[in-house]
Every structure is written in structure tokens, then in C-alpha cells.
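To start, the structure itself, in C-alpha cells.
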Amino acid sequence: MKKFILFYSFINILMLAFMYYITLFEVTNKLTNESYLNLVSETSENKDAKDFVKFSSSRLEILDEIETKDFKIQIIHSESISNDSEIHQLGFFLFPISNVVHSDDLNDPNDQTNLVIIGTDNEVFYDTNQESEYKDISVSFGIEKIGFYFYTILFESEKKLTFYLYDYDNELIFSNILEVNTSFNESDVIEGYTLQRIEELLNIESNFREEIIRRVTVFLISSFVVGLGVAFIIKKLKRARV
């Protein structure tokens, strides 16, 4: 019986450790997804991508905000850190302010929504139609799905660019010249969310504690009942052999 108790206790400890890490993963994943969906909803409602970008950036700067008859456009320069290296992105966020034509299908072949960026040498710096990630993808479907759509482009040095934004019917929404570089205007810098701030927003500690207590309680009660049942069977078998 002592051997059984030791073995059973060892198995329970292993199961509790496994449960701890599985619960942490599941809670974190669930809260991250919920937080992302809430953030997307707020971004669409407020027609402001600032907090959306802060969630994945160390800092950012709003380079321009434009309003046409159909769209509010935000252009944001953001910086993130990966493997101790700075990654700079240019984001174009388009929020509809009228009943614009857009796709209701992710693979709409008629959708000509596009962003084209030309460099100072008149060479194409970026063209959605040439990007493999957008192959057979309807960009304006974002309006149907989340209420807006956006483009993100990596850059590594100072550039003077001319950009052209086109709508579903390939009509020009807006175009302008944009100068970008990897430095920020310190007076306009907006700090991104730190890891600590993200954890606070997700409230992982509190949610994890509640869930792990619930699961451990259920596990211990079940384990106790099963243990008693197995111990009873072992005793019965031993008596039967005598």
C-alpha cells in the first residue's frame, strides 16, 4: 500500500505541474485573443489606430491624418524591437466615413483596392498587387470583417516617397508625398505598451489564479475519490488472496 501511495502521489504531482502550464497557456491565449478583438472593435469605432499600433510597438508617431469624402486616413511610423534590432514600419490605416463600395468576400477577384508607393528614383517601392501575401486576397474585405483595412510596409532608411491609395473600383482615394526616416520627432512620440502594461490590460494574473484554483480543486477532489476507490480495490484483492 505504501508503494501505491508514493506512486500515486508522484503521478498527481506530475499532473498538477502539467495542469499549471496548460492552464497558463490557455488563459494567456484566450485573454490575448479577447483583448485583440476588443482593440480592433475600439479602433474601428473610434477611427483611430493609435492604440492598435501601440499594442505591438515600442513607440510610434502619427505622420499624417487625412480626411476625404469617403475615408479617414492615418499614416503611422512605428518601431518595434526584435533580437535587439530596430524594425521600422510605415502603416496606412483607412477608415470608411461613408457607405463605400467594398468586398464582402476575402477572395473577391473584382477588388482593385491597392497601395502603390514610388521612390525618388521613380522605381516602385511598394505595390500591393506585387506582394505575395496579398495574392488572391481582397484588401477591402477588412471593412466587412473589422470595419477598416490597413497596409504595413517595412523600411530601413530615410526616404522620400509618393504614395497612391486606390479604392475597390481602382479610383484614386488620395495621393501625396511623404518623407520618412528611422528617427522620431521626440515631441510627437507616443510610447507603445510595455510588457507590464500588456499584462495589466490582459489581467493574466487574476484570471489565471481563478482558473487554476478551480481546476486544481476539481482535480484534487477527483484524485482523492479515485485514490480511495483504487485503495479499496487493492485491499479487497489482498484479502481475497489470504
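The values are calculated or read from the model by the stated rules, or taken from the named source; none is laboratory data. Being a predicted model, the structure only gives us computed values, none of them experimental. Here the Cβ positions follow ideal geometry from the backbone for every residue, glycine too, while neighbour counts run over all protein chains shown.
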* Asked: Hey, among Phe155, Phe150, which residue is surrounded by 17 or more Cβ atoms within 10 Å (Cβ to Cβ) and more than 23 Å from Asp108 (Cβ to Cβ)?
  -> Phe155
* To do: Pick out the one residue from Glu205, Glu210 that is under 25 Å from the mean Cα position of the chain (by Cα), surrounded by fewer than 16 Cβ atoms within 10 Å (Cβ to Cβ) and modelled with pLDDT of 75 or more.
  => Glu210
* Structure fact -> Within segment 133-146, residues being farther than 25 Å from Tyr36 by Cα and assigned to a helix (DSSP H, G or I) number 0
* Asked: Is one or more of the residues making up segment 183-201 at pLDDT 70 or above, over 22 Å from Glu156 (Cβ atoms) and in a strand (DSSP E or B)?
  -> yes
* Asked: Counting only residues that are surrounded by 11 or more Cβ atoms within 10 Å (Cβ to Cβ) and among the polar types (S, T, N, Q), which one in segment 131-147 is farthest from Val180 (Cα to Cα)?
  -> Ser138
* Asked: For residues in segment 111-128 being touching a residue at least 40 places away in the same chain (Cβ under 8 Å) and in a loop (DSSP other than H, G, I, E, B), which is surrounded by the fewest Cβ atoms within 10 Å (Cβ to Cβ)?
  -> Thr120
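For the subset of segment 42-67 comprising residues that are part of a helix (DSSP H, G or I) and of a type in the set (Ser, Thr, Tyr), which member is nearest to the chain's Cα centre (by Cα)?
My answer is Thr43.
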* Report yes if Val139 is within 30 Å of Lys54 (Cβ to Cβ) and more than 22 Å from the chain's Cα centre (by Cα), otherwise no. => no
* If you take the residues in segment 141-173 that are polar (S, T, N, Q) and touching a residue at least 40 places away in the same chain (Cβ under 8 Å), which one is farthest from Ser57 (Cα to Cα)? -> Asn170
* Scanning for something surrounded by 15 or more Cβ atoms within 10 Å (Cβ to Cβ), in contact with a Gly (Cβ under 7 Å, 6 or more places away or on another chain) and either in contact (Cβ under 8 Å) with a residue 40 or more places away in the chain or outside the structural domain of Glu171 (by TED's automatic domain parsing) (or both), does segment 84-103 turn up at least one residue? -> no
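One line per residue, one yes/no per condition, for (1) at pLDDT below 80; (2) polar (S, T, N, Q):
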site: Ile11; (1), (2): yes, no
site: Phe18; (1), (2): yes, no
site: Thr28; (1), (2): yes, yes
site: Val40; (1), (2): no, no
site: Phe52; (1), (2): no, no
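With the requirement that a residue be over 12 Å from Phe95 (Cβ atoms) and at pLDDT 90 or above, what does segment 55-70 give you?
Arg59, Leu60, Glu61, Ile62, Leu63, Asp64, Lys69
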